[in-house]
1. For the stretch 139-164, which residues satisfy the criterion of being more than 10 Å from the ligand (Cβ to nearest atom), in a loop (DSSP other than H, G, I, E, B) and surrounded by 12 or more Cβ atoms within 10 Å (Cβ to Cβ)?
2. Output yes when any residue across the stretch 111-132 is under 23 Å from Ile48 (Cβ atoms) and without any contact (Cβ under 8 Å) to a residue 24 or more places away in the chain, and no when none is.
3. Look at Arg117 and say whether it is among the charged types (D, E, K, R), within 14 Å of the ligand (Cβ to nearest atom), within 12 Å of the chain's Cα centre (by Cα) and not in a loop (DSSP other than H, G, I, E, B).
4. For the condition within 17 Å of Gly172 (Cβ to Cβ) and either out of contact with any Gly (no Cβ under 9 Å at 6 or more places or on another chain) or at pLDDT below 95 (or both), what is the one hit in Gln92, Gln113?
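The values are calculated or read from the model by the stated rules, or taken from the named source; none is laboratory data. Only a predicted model underlies this, so the values are computations on that prediction, with no experimental measurement involved. Using ideal geometry, Cβ is built from the backbone for each residue, glycine included, and neighbour counts are taken over all protein chains shown.
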Amino acid sequence: MLRNSSPCIFENLRRRKAIKKARILPDFFSLRRMEEEDLPRVVEIETISYPNPWREMTFRGEIYNKPLSFPFVIIHKFHRIIIGYVIFWCMQGRAQINNIAIHPEYRRMGVAQAVMRQVLDQIKKTGAGLVTLEVRPSNSAARSMYNKLGFEVLGIKEDYYNDPKEDALVMGKYLN
Ligand SMILES: CC(C)(COP(=O)(O)OP(=O)(O)OC[C@H]1O[C@@H](n2cnc3c(N)ncnc32)[C@H](O)[C@@H]1OP(=O)(O)O)[C@@H](O)C(=O)NCCC(=O)NCCS
């Protein structure tokens, strides 16, 4: 026999939905250097995030590509899991964002934008004057975020991406 659900259940559900939708403040996550043991989760997020994902060996290469590469995982402080990662290179007064992805369950909460702001601050402290990155023209979510962060299109690399084939927009932001 069906019983009436308690109003309390609906109240809890409503509250949980509200918490999930709430924007994540920088205090909710932390960044730490990527390590070998993070790779299964990182590859899981990569595989759901890109049609042509990086392989585990590529991430491993970034971990050991010191001092050029800065691979970081993004950890949700309360859920205590990796919810994304960002990888950038710094060399000779320039920096390049090579990869950033957030697990789909944690998107649209302001995580990537907050992480990028932290990364840009770090890069600025190294003395780099220009940060560049490549993005698919079809990736409107990423392009919108980069625009909000002050990146502008500097050029195009033809047929840069495979599966599906697409040009890359080269976007850049001057830090000085
Ligand atoms: C792009 C990506 C990193 C954004 O992560 P996110 O944590 O969801 O982004 P944020 O919540 O910080 O959003 C920042 C801004 O990006 C834009 N944005 C993010 N997701 C969007 C979407 N689905 N549609 C449109 N705009 C979007 C918005 O301008 C947003 O600002 P707003 O929330 O004030 O509107 C995430 O969608 C992702 O991991 N995508 C797959 C991997 C990828 O494409 N990486 C970039 C490669 S160049």
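1. Scanning the stretch 139-164 gives Gly150, Phe151.
2. No, the conditions are met nowhere in the stretch 111-132.
3. Taking the combined requirement at face value, the residue satisfies it.
4. Only one candidate qualifies: Gln92.
Okay, residues lined up against (1) within 11 Å of the ligand (Cβ to nearest atom); (2) part of a helix (DSSP H, G or I); (3) surrounded by fewer than 12 Cβ atoms within 10 Å (Cβ to Cβ); (4) at pLDDT below 95:
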position	(1), (2), (3), (4)
Cys8	no, yes, yes, yes
Arg14	no, yes, yes, yes
Met57	no, yes, yes, no
Glu62	no, yes, no, no
Lys66	no, no, yes, yes
Phe70	no, no, no, no
Phe78	no, no, yes, yes
Asn99	yes, no, no, no
Met109	yes, no, no, yes
